[in-house]
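Quick notes on the structure that follows.
The values are calculated or read from the model by the stated rules, or taken from the named source; none is laboratory data. None of these values were measured; they are calculated from a predicted model. Every residue, glycine among them, receives a Cβ derived from its backbone with ideal geometry; neighbour counts consider all protein chains shown. Accessible surface is based on the protein model in full, side chains and every heavy atom, while ligands, DNA and RNA are left aside. Shrake-Rupley method; radii C 1.70, N 1.55, O 1.52, S 1.80 Å.
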Amino acid sequence: GICALLAPLLVADQLIRLEVPFMIGVSFALWVMGANGRVGRLEGCFLMAALVGYTAWTIRQSRRSSQMVRTEFAQEFANQPRTGPGGIALQSSFVIGGLSLLVLGSGWLVDGAGAIAAALGVSELIIGLTIVAAGTSLPEVATSVVASIRGERDIAVGNVVGSNLFNILGVLGLAAAVSPDGIAISRAALNFDIPVMSAVAVACLPIFFTGHVISRWEGAVFLSYYAAYTLFLVLDATQHDLLPAFSGFMGAFVIPLTFITLVLFLIRAVRRSAPSAPRSG
């Protein structure tokens with residue numbers, strides 16, 4: 001949403017045909033796995049295996065287009081000096097140092113989030129869905145924004161879709177696989193947050209398909225829905241008096257209107273992409 005507001009984002013055809021449908025399938029698979037209130041170790045291993053298979057398939061696909069990638073890389077970095085052994089060592093130290101600080105910072109983030117949840121008297125789920133989720137997504141936001149500013153707008157979209165897949169398959173899968181009892185899924189997450197995530201994944205398909213571009217107004221829709229989602233979490237956690245009115249407004253007006261709009265745009269895009277019938281005469 002933020003990146004599309006900066007500049008309309010290009011969507012690669014492969015994302016529409018393969019990655020986004022796979023992201024939708026993974027989202028619904030998580031919903032099914034968590035129906036019993038837990039993602040077990042076996043299910044975590046299954047998610048990890050799916051990640052390995054997806055990564056292997058991606059590498060295989062990239063090798064098929066390796067010549068095109070090399071040509072693009074040569075054009076992009078033709079005027080930049082080559083990195084020598086000393087430069088490689090320096091960049092490697094940056095990577096190692098960055099990863100070390102990331103691990104250290106993640107520990108601080110989890111401890112601080114738990115303390116905030118206790119101080120505010122709200123569940124750790126709410127903190128995880130807001131403060132922790134936003135904090136851990138900042139590297140993705142920075143990467144996508146920089147890519148948008150530099151004109152690499154397809155990278156911005158691929159980064160987000162790839163991160164969503166890795167978070168479910170890799171992060172959640174590994175955590176469930178190494179935990180003796182798996183990962184517990186709260187009833188609140190199962191009844192609301194995971195369905196919302198799945199709905200957003202489904203909404204990506206028609207938005208990405210319309211012209212293979214995420215326009216500014218579509219980015220504004222994404223960002224507005226995130227703001228509404230966060231507001232709902234806050235109202236629900238505090239049991240605010242505005243919660244029934246807000247829920248009714250979203251459920252009776254905003255969500256149906258958005259759904260109808262997406263369907264109409266999808267129908268228009270399909271009609272435009274369909275080959276026109278030859279005229280008889």
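Some notes on this structure:
- Shape annotation for the range 89-241: C-alpha extents along the principal axes are 46, 44, 28 Å, from largest to smallest.
- In this rough spin-label picture, where each label sits 7 Å from Cα along the Cβ direction, the Thr230-Leu264 distance is 3.0 nm.
- Rolling a 1.4 Å probe across the protein heavy atoms gives the chain an accessible surface of 63 Å² per residue.
- Of all accessible heavy-atom area on the chain, the percent that carbon and sulfur account for (1.4 Å): 69 percent
- Signed unit charges on C-beta, dipole axis of the chain, positive-most listed residue Val103, Met250, Val145: Val145
- Label-point separation in nm, Leu109 to Ser62, each point 7 Å along Cα→Cβ: 2.3 nm
- Computed from the Cβ-Cβ distance with R0 of 25 Å, the FRET efficiency linking Leu90 to Leu138 stands at 0.55.
- Estimated purely from DSSP H runs of n ≥ 4, each contributing -39500 (n - 2.57), the mean residue ellipticity at 222 nm for the chain is -23000 deg cm²/dmol once divided by its residues.
- Candidates Leu190, Leu125, Leu5 compared by Cα position along the dipole of the chain: farthest toward the positive end lies Leu5, with charges placed on Cβ.
- The chymotrypsin sites (Phe, Trp or Tyr not before Pro) of the range 1-64 include none that meets both criteria, a DSSP state outside H, G, I, E and B (loop) and at most 16 other C-beta atoms within 10 angstrom of the site's C-beta.
- Using distinct alpha-carbon pairs, which all enter the 1/r mean, Kirkwood radius of the chain in Å: 21.6 Å
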